[in-house]
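Contents: one structure, followed by commentary.
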Amino acid sequence: MSKKEFAEVIYESNQGIATITLNRPAKINSLTYQMHADLRSALDLVEQDPAIRVVLITGAGRGFCAGQDLADPATSLDDLSDTLEKNYNVLVRRMANLKQPIIAAVNGVAAGAGANLALGADLTLMGKKAVMTQAFVRIGLLPDAGGTWLLPRRVGLQKALGLAMTGETITGEEAERMGLIWKAIDDESLMAEAEKLAQHLANLPALALAEMKQAIRAAFTNTLDQQLDVERDAQVRLGKTKDFKEGIEAFLEKRPAKFIGE
Ligand code: T3D
């Protein structure tokens, strides 16, 4: 087990799981320039450690993330291109391209860019009573941090526009019902369940999960023909892995497979 405390983010790794905790609880973990820098450093650690199989993102204290810190002196409100290009767009791209699956455990309010950080994960879990809002409209902005891309893909055009235009606050239970998130969990068991899911994924064939992440994301822009080629190429690669061999042997020998990520 290892732990590194950055100024506004805590990074812990244990048994193949990297847990990244947004750590400004007094300001509901709202995102500053510093927090973005810390998130980049945490993702560097993930990328440098071949033992990491899964990333789990959560928030310290009573909230997940209140979005952009609207009082951060380092963020220019006169020209938002700076923070979007240097912070949010970098983060969203890195999360989408990371080999490891990312789980977000939304332990309280997730607002604005905080909501879209949670939705940028591969699997989003929320406490049943945790809430999410595309708060941008309240301050005259549109959903960023990938929001306009993610929302219609997760819930379809109508719900995406509804969530974006009204900024309505929805609970974890509602988010699960509309297909916005993977599952809503009893609030008191959220972290235990998120860790259980992370451990489960950590024991699965890592290369297959990495291929799935890219292939399923690619499907949104590909035709069926292109996607069939993507599946063929990925399956050919996976068919040459030790984990595939192990999966077949374990099945034939009627025993649990032991995957090694190779
Ligand atoms: O600037 C750019 O780069 C543009 C990009 C924008 C991307 C975005 O994310 S836009 C959306 C930004 N977020 C919001 O608009 C949400 C603002 N926050 C709230 O609406 C509420 O705080 C919450 C619904 C999240 C939680 O409400 P509540 O009642 O549980 O807590 P609170 O008392 O409002 O907040 C606790 C403290 O956190 C408080 O500080 P204080 O008074 O105790 O010193 C509050 O000011 C602070 N806080 C909460 N959210 C933010 C924030 N401080 C700065 N920025 C925030 N986003």
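Calculate, axis by axis, the spread of Cα positions in the chain along the three principal axes, and write the results as whole Å, longest axis first.
Between the extreme Cα coordinates on each principal axis of the chain lie 60, 44, 36 Å.
In the range 116-149, which trypsin sites (Lys or Arg not before Pro) are in a loop and have at most 15 other Cβ atoms within 10 Å, using DSSP for the loop call?
When the trypsin sites (Lys or Arg not before Pro) of the range 116-149 are filtered for loop state and at most 15 Cβ neighbours within 10 Å, Lys129 remain.
For the residue pair Ser81 and Glu47, what label-to-label distance in nm results when each label sits 7 Å from Cα along the Cα-to-beta-carbon direction?
If labels sit at Ser81 and Glu47, their model points lie 2.4 nm apart.
Take the Cβ-Cβ distance between Lys129 and Lys258 as r, set R0 to 51 Å, and report the resulting FRET efficiency rounded to the nearest 0.05.
0.85
Checking the table Lys99/Lys128; Lys159/Lys183; Lys99/Lys159; Lys99/Lys245 against a 23 Å threshold on Cα-Cα, which pairs fail?
Lys99/Lys128; Lys99/Lys159
If you take every DSSP beta bridge whose two residues both sit in the chain, what share of them, in percent to the nearest 5, is antiparallel?
Looking only at bridges with both residues in the chain, the antiparallel portion is about 35 percent.
Run the simple label-point estimate for Ala96 and Gln227 please: 7 Å along Cα→C-beta, distance reported in nm.
So the two model labels end up 1.7 nm from each other.
Could you give the length gained on full extension between Ala26 and Lys159, defined as 0.36 nm per residue of separation minus the Cα-Cα distance, in nm?
Numbers: separation 133, 0.36 × 133 = 47.88 nm, distance 3.17 nm.
The span from Ala26 to Lys159 would gain 44.7 nm if fully extended.
Straight-line reach from Lys86: which aspartates and glutamates have Cα under 18 Å away, leaving out those fewer than 8 places along the same chain?
Glu8, Asp38, Asp44, Asp69, Asp72, Asp78, Asp144
Please work out how much accessible surface Leu141 shows to a 1.4 Å probe, ignoring ligands, DNA and RNA, in Å² rounded to 10.
70 Å²
Normalised by the number of residues in the range 2-202, what is the relative contact order in percent for Cα pairs under 8 Å and 6+ residues apart? Present the calculation step by step, with values, prior to reporting the outcome.
Numbers: 422 pairs, mean separation 37.9, N = 201.
Across the range 2-202, relative contact order equals 19 percent.
Based on the inverse mean of 1/r over its pairs of different Cα atoms, what is the Kirkwood hydrodynamic radius of the range 138-253, in Å?
Mean inverse Cα-Cα distance, inverted, gives 17.5 Å.
If R₀ is 35 angstrom, what is the calculated FRET efficiency for the pair Lys4 and Val236, using the beta carbon separation as r and rounding to 0.05?
Values: r = 38 Å, r/R0 = 1.10.
According to the calculation, E is roughly 0.35.
The values are calculated or read from the model by the stated rules, or taken from the named source; none is laboratory data. Keep in mind it's a predicted model, so treat the numbers as computed, not measured. Here Cβ is always computed from backbone atoms with ideal geometry, including for glycine, and neighbour counts include all displayed protein chains. To get the accessible areas, we keep the full protein, side chains included, count just its heavy atoms, and leave off ligands, DNA and RNA. Shrake-Rupley method; radii C 1.70, N 1.55, O 1.52, S 1.80 Å.
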